[in-house]
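J.: Following this message is one structure expressed as structure tokens.
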Amino acid sequence: MESRKELLVSTFGKDIGEIVAGMRSLPHDHLILVTDTSLDRNDAVLSLLDRLGIRHEVLLVDPSDITGSALLIEGKVQEHLDKGWRARVDITGGRKLLSDAAMLAALSTGAEVCCFEVEARRFPLLTAMGVREALPKDLAEVLRSQVWPMSMEKVRGLGKNHTLPPKLRRMKQLDLIRLEDRDSPMICLTERGEACLDWMLRTNGLSGSSE
Amino acid sequence: MVAILGTLGFRAKSLLPTLESTPGVDKVVVFCNDHPRASEALAEVQGVCGLMGIRIDRVAIPDAFDLLQAAKAMRSQVRQLKKDGHEIAVFNIAGGTKMMSAAALLVCAMEGLNSVYVHDETYREIPLPLLKVDYSQLLTTAQKEILVYIWTNRAQPMTQVEIAQGMGKHKATINHHIQILEGKNILHLVEDPRDRRKKVVRVDDALELMLEID
């Protein structure tokens, strides 16, 4: 039986030492270096990976955009998970923003999180429980399709059997929306709601979970 | 009663923007270790809280590199605050070690808290797209029973046959559930050190935190 292929995603700053412990102790058929600075082909780290014959790629992320960075990492991890690979994320290297973005991606995909700053620490997460899965499909659709903020009057005017009000109540329970008193009462996205909508809009084909 | 939580490292500025931006805060809970520079940052936060009339509690994280212990300490605080009637407005995860930050993210996901990152150059607050994840709800009753049994007997890793015998269940039933649990990354099948032809079931310490089965 063919064994599962292993993906290792390592956050990387400047020092090769940041990724060596993970590389040596975690199995990997492919290594993705996540960095916020461009790496030249002659960079010491790429040169080392070439000499060791390690299949690798560099994922350049924007250090000012933690959500965008997390999405890029998540996309790469998910792409491999879809092919049946196992994925691990080593958050040892680089600045903390990179590590937090990688942690968000791990939470979303269920990849194992590892850190080797002092000694080896490994922490497996459960598979696939990010925004994509935690947000029910029907609520994801409301979040994506409605114009925000939404007039409370408009909601009150909907028929008794309309499906939107109960969905809005569930969205309030998830702290995605709140009622604000402006000129008239308006249903607005909370900061979490805006962050989740941002995540959804940037993710291709996001459909949410089914309940 | 509104509380905010924050991991704190060497820079008070990673936490202060959240103090300023969150309305109605009357309590701040800070998680930090005993490093002298962390103590300096804490003193600065305490000074600001004093001026703003906000109570501040410090929770010591003895090992700032132990994700599991840090997450347990944080979750325990979150639950105590909720029990005491506090509304937790937000958890600022920007300060402290990478592992403290990662632990805070994990707790935010498990407890359904709003989380915010403060950019280390612009000091702009960035809300994070996290939703509550109840890991224990992902499992069936049978799967939970199997995990509790494995967790309780984790000092002596068992094969699937031994688990079936110990639980008084059919081997095929146990195999079926273990296959699903392995697919969910909750447990692993590893070579039995006593007999390399066999495989034993291994669970990680994280199970205790994530599934609350201890």
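The values are calculated or read from the model by the stated rules, or taken from the named source; none is laboratory data. The structure presented is a predicted model; accordingly, all values stated were derived computationally and were not measured. Neighbour counts run over all protein chains shown; Cβ positions are idealised from the backbone, glycine included. These accessible areas exclude ligands, DNA and RNA; they are computed on the full protein's heavy atoms, side chains included. Shrake-Rupley method; radii C 1.70, N 1.55, O 1.52, S 1.80 Å.
J.: Among the residues of region B:188-214, which ones are open to solvent by less than 100 Å² (accessible area, probe 1.4 Å), away from chain A (no Cβ under 11 Å), at pLDDT below 90 and within 24 Å of the chain's Cα centre (by Cα)?
T.: Correct list: B:Glu208, B:Glu212, B:Ile213.
J.: Do we find a residue being assigned to a strand (DSSP E or B) and open to solvent by less than 30 Å² (accessible area, probe 1.4 Å) anywhere in region B:173-187?
T.: For region B:173-187, residues assigned to a strand (DSSP E or B) and open to solvent by less than 30 Å² (accessible area, probe 1.4 Å): present.
J.: Within region B:85-100, is there a residue that is among the aromatic types (Phe, Trp, Tyr), at the interface with chain A (Cβ under 7 Å from one of its Cβ atoms) and buried (at least 23 other Cβ atoms within 10 Å of the Cβ)?
T.: The first filter runs over region B:85-100 and keeps only residues among the aromatic types (Phe, Trp, Tyr), leaving B:91.
So of that shortlist, the ones also at the interface with chain A (Cβ under 7 Å from one of its Cβ atoms) come out as none.
Among the residues of region B:85-100, not one is among the aromatic types (Phe, Trp, Tyr), at the interface with chain A (Cβ under 7 Å from one of its Cβ atoms) and buried (at least 23 other Cβ atoms within 10 Å of the Cβ), which makes the answer no.
J.: Write out, first by first residue and then by second, each pair whose Cβ atoms fall under 8 Å of each other, whose residues are 6+ apart or on separate chains, and whose first residue, in region B:71-87, is in the same structural domain as B:Asn33 (by TED's automatic domain parsing) while the second is modelled with pLDDT under 95 and assigned to a loop (DSSP other than H, G, I, E, B).
T.: Within 8 Å, the pairs are B:Ala73/B:Ile61; B:Val78/B:Leu113; B:Asp84/B:Met1; B:Gly85/B:Met1; B:His86/B:Met1; B:Glu87/B:Met1.
J.: Please go through region A:1-12 and pick out each residue that is open to solvent by 20 Å² or more (accessible area, probe 1.4 Å) and either aromatic (Phe, Trp, Tyr) or under 20 Å from the mean Cα position of the chain (by Cα) (or both).
T.: Kept after step one, since they are open to solvent by 20 Å² or more (accessible area, probe 1.4 Å), are these residues of region A:1-12: A:1-6.
A:Glu6, the sole residue that qualifies.
J.: Take the residues in region A:62-111 that are open to solvent by less than 10 Å² (accessible area, probe 1.4 Å) and part of a loop (DSSP other than H, G, I, E, B), then tell me which one is farthest from A:Val20 (Cα to Cα).
T.: In this case the residue turns out to be A:Gly110.
J.: On the given criteria, is A:Leu46 more than 30 Å from B:Tyr123 (Cα to Cα), assigned to a helix (DSSP H, G or I), away from chain B (no Cβ under 14 Å) and at pLDDT 90 or above?
T.: Values: more than 30 Å from B:Tyr123 (Cα to Cα): yes; assigned to a helix (DSSP H, G or I): yes; away from chain B (no Cβ under 14 Å): yes; at pLDDT 90 or above: yes.
Yes.
J.: Is it fair to say B:Met110 is at the interface with another protein chain (Cβ under 7 Å from one of its Cβ atoms), under 16 Å from A:Ala105 (Cα atoms) and within 19 Å of the chain's Cα centre (by Cα)? Reasoning before the result, please.
T.: Working: at the interface with another protein chain (Cβ under 7 Å from one of its Cβ atoms): no; under 16 Å from A:Ala105 (Cα atoms): yes; within 19 Å of the chain's Cα centre (by Cα): yes.
When the stated conditions are applied, B:Met110 does not pass them.
J.: Name the one entry in B:Glu121, B:Glu44 that is of a type in the set (Asp, Glu), free of Cβ contacts under 8 Å to residues at least 60 places away in the same chain, within 9 Å of chain A (Cβ to nearest Cβ) and open to solvent by 60 Å² or more (accessible area, probe 1.4 Å).
T.: Working: B:Glu44 fails: within 9 Å of chain A (Cβ to nearest Cβ).
Residue meeting the stated conditions: B:Glu121.
J.: Among the residues that make up region B:62-69, is at least one of them closer than 26 Å to A:Asp65 by Cα and open to solvent by 20 Å² or more (accessible area, probe 1.4 Å)?
T.: Here is the first cut: in region B:62-69, the residues closer than 26 Å to A:Asp65 by Cα are B:64-65, B:67.
Next cut, open to solvent by 20 Å² or more (accessible area, probe 1.4 Å) only: B:65.
Looking through region B:62-69, at least one residue is closer than 26 Å to A:Asp65 by Cα and open to solvent by 20 Å² or more (accessible area, probe 1.4 Å).
J.: Mind listing whichever residues of region A:22-47 are among the aliphatic types (A, V, I, L, M) and open to solvent by less than 40 Å² (accessible area, probe 1.4 Å)?
T.: Kept after step one, since they are among the aliphatic types (A, V, I, L, M), are these residues of region A:22-47: A:23, A:26, A:31-34, A:39, A:44-46.
Result: A:Met23, A:Leu26, A:Leu31, A:Ile32, A:Leu33, A:Val34, A:Val45, A:Leu46.
J.: Looking at region B:156-172, which of its residues are out of contact with any Phe, Trp or Tyr (no Cβ under 7 Å at 6 or more places or on another chain) and either aliphatic (A, V, I, L, M) or open to solvent by less than 50 Å² (accessible area, probe 1.4 Å) (or both)?
T.: Filtering region B:156-172 down to residues out of contact with any Phe, Trp or Tyr (no Cβ under 7 Å at 6 or more places or on another chain) leaves B:156-162, B:164-165, B:168-172.
Residues satisfying the conditions are B:Met158, B:Thr159, B:Gln160, B:Val161, B:Ala164, B:Ala172.
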